[in-house]
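Remarks on the structure that follows.
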Amino acid sequence: MAEGAGWQPPRPCEAYRAEWKLCRSAGHFLHHYYVHGERPACEQWRRDLDSCREWEERRSAKAQRSLCESEHRRVQAARKHTLVWTPRQSPPADWHLPLPQEEEDK
Amino acid sequence: MAGAPDWRGPGPAAGERRPHVACQAFPERLAQGKPQQGFLPSFSSNNQSCQLMLLKTLQTNPYVKLLLDAMKHSGCAVNRERHFACEDCSGNVSGGFDASVSQIVLCQNNIRSQAHMNRVVTHELIHAFDHCRAHVDWFTNVRHLACSETCVRDRAILSILAVRNISKEVAEKAVDDVFESCFNDHEPFGRIPHNKTYAKYAYRDFQNRDRYYSNI
């Protein structure tokens, strides 16, 4: 957890509010139910919004911890599936090279 | 659609590498050099229309803007003239990613509307993004191809069958093998971008990533 003098919430509080509103919208309910077969869980966005506001107003350490833990869980959830392919360490060598046809034309 | 682009014109069977794809597909280009503007009127107007729609997509579509930024961040900055080509294609194909030369081909004879162009460019940029960030074996590994096409199971199967000479059972097995992992790989969006609102939020998150990762 990155705690220090310069810590701020990972997202602006407005972003937590926007995510919460989107999560609770009818359109999102339909998309989520169609894809996953269950209703979306939106309460965590609300808790994160409250923590963000609490930190903004009172610099609450508890709110900071709560936000960090919540975002850690989100990152872990996103990374739990191993990739089918091997990540590259650098982009493909030929990405910026001229097309073979252009080389011939020279 | 990705991999060996036999839809770019007559040529070897799917799966074979073709070093000079454009020349083989368009013999008149080989003879005359670059296509003459106005020599083939329908080619010229289709080409011009394709170029204009492409430009509008690149400048305005939120899915595409996020993908372009993510690719630039990964070291694969996209140059319109180098990485896109508007060409005539055989069949009903809308476009493809030619991994052998790292170029997106847009089928100017089949893309008829701005909305269609937006969808094709988004789809092919996802292939380009996967090619940029991972060692994807487009030509011989059907599981890799299945992974890049995975969004909806049946459509992934159809996409694979369009570019590979394999049986439906093999295609289905490849998609089923990789579905769990690849369906949950939402990069670079971080979520399934059901519509432009999701894409805009994903772009906002992408632009915010430095603040995000330094504060968790």
- Query: Given the Cα atoms of segment B:112-216, and with Rh set as the inverse mean 1/r over their pairs in the Kirkwood sense, what is Rg to Rh to two decimals?
  - Reply: 1.02
- Task: Using only the Cα atoms of segment B:137-195, construct the convex hull and provide its projected area averaged over every direction, in square nanometres to one decimal.
- Result: 4.1 nm²
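With all distinct Cα pairs included, what does the Kirkwood hydrodynamic radius of segment B:44-135 come out to in Å, to one decimal, could you say? Kindly include the intermediate steps, with their values, before the conclusion.
Details: mean 1/r = 0.0765 Å⁻¹.
So the Kirkwood estimate lands at 13.1 Å.
Could you sort B:Ile111, B:Ile166 by their accessible area in this structure, using a 1.4 Å probe and putting the largest first?
Numbers: B:Ile111 10, B:Ile166 50 Å².
Order by accessible area, largest first: B:Ile166, B:Ile111.
Can you pick out the pairs among A:Lys80/B:Lys168; B:Lys65/B:Lys200; B:Lys56/B:Lys196; B:Lys72/B:Lys196; B:Lys56/B:Lys200 whose Cα atoms lie more than 19 Å from each other? Don't jump to the answer; show the numbers that get you there.
On the way: A:Lys80/B:Lys168 30 Å; B:Lys65/B:Lys200 9 Å; B:Lys56/B:Lys196 16 Å; B:Lys72/B:Lys196 21 Å; B:Lys56/B:Lys200 17 Å.
With Cα atoms farther than 19 Å apart: A:Lys80/B:Lys168; B:Lys72/B:Lys196.
Relative contact order for chain A: what is it in percent, counting Cα pairs under 8 Å that are at least 6 residues apart?
Relative contact order comes out at 21 percent.
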- Query: Where the accessible area of chain A is counted over protein heavy atoms with a 1.4 Å probe, how much of it, in %, is carbon and sulfur?
  - Reply: 49 percent
- Task: Please work out the average accessible area per residue across chain A, using the 1.4 Å probe convention, and give it in Å².
- Result: 67 Å²
- Can you tell me the 0 to 90 degree angle between the C-alpha axis of helix A:61-79 and the longest principal axis of chain A, rounded to 10? 40 degrees
- Message: So, taking all protein chains as they sit and a 1.4 Å probe, how much accessible area belongs to B:Val136, in Å² rounded to tens?
- Response: 20 Å²
- Task: Compute the separation of the alpha-carbon centres of segment B:61-99 and segment B:182-211 and state it in Å as a whole number.
- Result: 18 Å
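To the nearest µm²/s, what D does Stokes-Einstein give for segment A:13-78 at 25 °C and 0.890 mPa s, using the Kirkwood radius over alpha carbon pairs as Rh?
On the way: Rh = 12.7 Å.
In µm²/s, the coefficient is 193.
Near B:His131, within a Cβ-to-Cβ distance under 11 Å, what is the net charge of the other residues, with Lys and Arg +1 and Asp and Glu -1?
Values: positive: A:Arg88, B:Arg133; negative: A:Asp94, B:Asp98, B:Glu124, B:Asp130, B:Asp137.
Summing Lys/Arg as +1 and Asp/Glu as -1 gives -3.
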- Query: Which residue fluctuates the most in chain A, going by a Gaussian network model with Cα springs under 10 Å, if the choices are A:Arg17, A:Arg79, A:Arg59?
  - Reply: A:Arg79
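On average, how many beta carbons from a partner chain sit within 10 Å of the beta carbon of a residue in B:203-216?
Working: counts 0, 4, 3, 0, 0, 4, 1, 0, 5, 6, 4, 6, 14, 13.
If you average over the peptide's residues, the count of other-chain Cβ atoms is 4.
The values are calculated or read from the model by the stated rules, or taken from the named source; none is laboratory data. Given the structure is predicted, the values throughout are model-derived calculations rather than measurements. Here the Cβ is made from the backbone with ideal geometry for all residues, glycine too, and neighbour counts use every protein chain on show. These accessible areas exclude ligands, DNA and RNA; they are computed on the full protein's heavy atoms, side chains included. Shrake-Rupley method; radii C 1.70, N 1.55, O 1.52, S 1.80 Å.
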